[in-house]
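Novice: Let me begin by handing over the structure; questions about it come next.
The values are calculated or read from the model by the stated rules, or taken from the named source; none is laboratory data. Since we're looking at a predicted model, the values are computed, not measured. With ideal geometry, Cβ positions are generated from the backbone for all residues, glycine too; neighbour counts draw on all protein chains shown.
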Amino acid sequence: MNKDQQKVVQYLNEAHATEHALVRVLQSQLAMTPRGSDRTGLEKHLEETRDHAARVGDRLEALGQGSNPLMAVVGLAETAVGQALALGKTPIDMLRGSGGEEKILKNAKDACATEALEIATYLAIERLARDLDDEKTAKLAASIRADEERMLKRVREELPALTDAVVRAEIDGQASYDVTKTGAADAARATTREAKGAARKTADRAKRTTRQVRRVPGAARAEGTVKGAVASADDLPIATYDDLNVDDITAKLPELSQVDLAKVEAYERKQDNRSTVLDRVSSLRGNEPWTGYDEQTVDEIVSALRDSDDDTSRQVRDYERAHKNRTSVLKATERSLASVS
């Protein structure tokens with residue numbers, strides 16, 4: 001690969017990592033967005049983002065650089081600030097705000113920043129490719145940029161109505177946000193319907209499913225690192241963080257998810273950089289037993305363990321002991337291990 005291609009590949013890899021990270025963000029936003037035009041727009045955005053990631057990946061392969069989402073995301077979190085900024089468009093905290101209407105508005109504002117950054121990213125790729133006579137990459141970048149410009153226009157047009165909804169909910173007391181109609185609620189109902197109509201999974205099916213849903217190693221760390229790099233103390237999962245001493249902070253760390261641990265670590269490194277806090281975070285770092293484990297309730301984890309293999313049950317047991325140490329979850333791992341022994 002010559003020097004020209006290396007530079008194009010560098011820029012494409014950054015764009016590829018950005019698209020994959022954005023998929024996770026959009027999925028989280030869909031989970032908290034009620035049915036309606038807003039969610040329809042997010043679903044379209046998610047579909048386009050996946051398509052963009054695939055097209056950029058295809059171009060990387062054509063240039064002799066096979067796309068690797070895992071390495072792209074992990075590498076993004078460990079490289080220079082410039083690459084971290086490529087994910088700075090990730091919402092600092094998708095659960096901020098006092099009410100559902102405000103959460104949706106803030107997600108839309110973040111989406112505007114997302115689209116503006118992606119437009120700039122692909123504009124730079126297009127210009128670089130044309131300067132280096134790489135017409136195929138230039139056309140790809142121009143096509144994706146056009147999609148992003150249309151999406152930015154759509155999101156900007158929604159902002160006045162979303163702001164009006166916040167005023168009605170928080171000033172006039174006329175809330176419209178319905179948690180029972182969110183993507184997460186719809187997904188839960190769909191899962192329940194499927195569960196009622198399906199027989200109990202076989203042991204082999206459970207093993208395959210468990211392996212498939214495990215979190216890609218490093219993804220949580222990448223997400224949290226980027227959030228922490230741009231977070232203020234108010235955005236951290238530990239309240240009044242800057243007013244706490246080292247002992248107070250380290251006592252709260254085992255309760256945090258992997259994403260939040262990475263967020264705290266990144267914030268601590270850019271502020272006080274205290275070794276005691278950083279060492280404790282490091283001791284708690286590790287991949288979740290499966291995707292979304294940290295966000296699940298005890299009942300959801302216990303239910304999942306009924307169909308888990310012995311390897312997964314051990315991972316849950318060890319992970320739980322190091323973190324929240326919940327009795328009900330630990331007992332469920334013991335039952336699961338006893339049933340497969």
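Novice: What residue, of Lys196, Lys227, Lys252, Lys201, is assigned to a helix (DSSP H, G or I), at pLDDT below 85 and either over 25 Å from the mean Cα position of the chain (by Cα) or farther than 22 Å from Val23 by Cα (or both)?
Specialist: Among Lys196, Lys227, Lys252, Lys201, only Lys196 is assigned to a helix (DSSP H, G or I), at pLDDT below 85 and either over 25 Å from the mean Cα position of the chain (by Cα) or farther than 22 Å from Val23 by Cα (or both).
Novice: Looking at region 14-27, which of its residues are surrounded by fewer than 21 Cβ atoms within 10 Å (Cβ to Cβ) and either of a type in the set (S, T, N, Q) or outside the structural domain of Ala120 (by TED's automatic domain parsing) (or both)?
Specialist: Gln27
Novice: Also, quick follow-up: Report, ordered by the first and then the second residue, all pairs with beta carbons closer than 7 Å, sequence separation of six or more or different chains, a first member in region 22-43 that is over 18 Å from Glu102 (Cβ atoms) and assigned to a helix (DSSP H, G or I), and a second member that is of a type in the set (S, T, N, Q) and at pLDDT 80 or above.
Specialist: Within 7 Å, the pairs are Leu22/Thr49; Leu22/Thr114; Val23/Thr49; Leu26/Thr49.
Novice: Now a separate question. So, Thr79, is that one among the polar types (S, T, N, Q), over 17 Å from Arg156 (Cα atoms) and modelled with pLDDT under 85 or not?
Specialist: So Thr79 passes the test.
Novice: So which residues in region 319-333 are farther than 16 Å from Ser303 by Cβ and out of contact with any Pro (no Cβ under 6 Å at 6 or more places or on another chain), if there are any at all?
Specialist: Scanning region 319-333 gives Arg321, Ala322, Lys324, Asn325, Thr327.
Novice: Taking only region 47-69 into account, find how many residues are under 19 Å from the mean Cα position of the chain (by Cα) and modelled with pLDDT of 90 or more.
Specialist: Result for region 47-69: 8.
Novice: Is it the case that region 312-323 has a residue that's closer than 27 Å to Met32 by Cβ, touching a Leu at 6+ places or on another chain (Cβ under 8 Å), not aliphatic (A, V, I, L, M) and not assigned by TED's automatic domain parsing to the domain that holds Met32?
Specialist: yes
Novice: Now for a different question. Give region 284-318 a look and list any residue that's closer than 15 Å to Leu337 by Cα, part of a helix (DSSP H, G or I) and not acidic (Asp, Glu), or say none.
Specialist: Ile301, Val302, Ser303, Ala304, Leu305, Thr312, Ser313, Arg314, Gln315, Val316, Arg317
Novice: Scan region 130-156 and report the pairs whose first residue is closer than 28 Å to Lys3 by Cβ and modelled with pLDDT under 95 and whose second residue is among the basic types (Lys, Arg) and in a loop (DSSP other than H, G, I, E, B), with Cβ atoms within less than 8 Å and a gap of 6+ or a chain change.
Specialist: The qualifying pairs do not exist here.
Novice: Tell me whether region 267-283 contains one or more residues that are surrounded by fewer than 18 Cβ atoms within 10 Å (Cβ to Cβ), of a type in the set (Lys, Arg), modelled with pLDDT of 90 or more and not in a helix (DSSP H, G or I).
Specialist: Yes; the residues of region 267-283 include at least one that is surrounded by fewer than 18 Cβ atoms within 10 Å (Cβ to Cβ), of a type in the set (Lys, Arg), modelled with pLDDT of 90 or more and not in a helix (DSSP H, G or I).
Novice: Additional query: So, in region 290-305, of the ones that are within 22 Å of the chain's Cα centre (by Cα) and at pLDDT 85 or above, which residue ends up nearest to Arg317 (Cα to Cα)?
Specialist: Applying the filter and picking the extreme gives Ile301.
Novice: Another question, if that's okay. Quickly run through region 140-149 and pick out the residues that are surrounded by 13 or more Cβ atoms within 10 Å (Cβ to Cβ) and not polar (S, T, N, Q).
Specialist: Leu140, Ala141, Ala142, Ile144, Arg145, Asp147, Glu148, Glu149
Novice: Among the numbered conditions (1) under 20 Å from the mean Cα position of the chain (by Cα); (2) modelled with pLDDT under 85; (3) assigned to a helix (DSSP H, G or I); (4) not acidic (Asp, Glu), tell me where Thr209 comes up short.
Specialist: (1)
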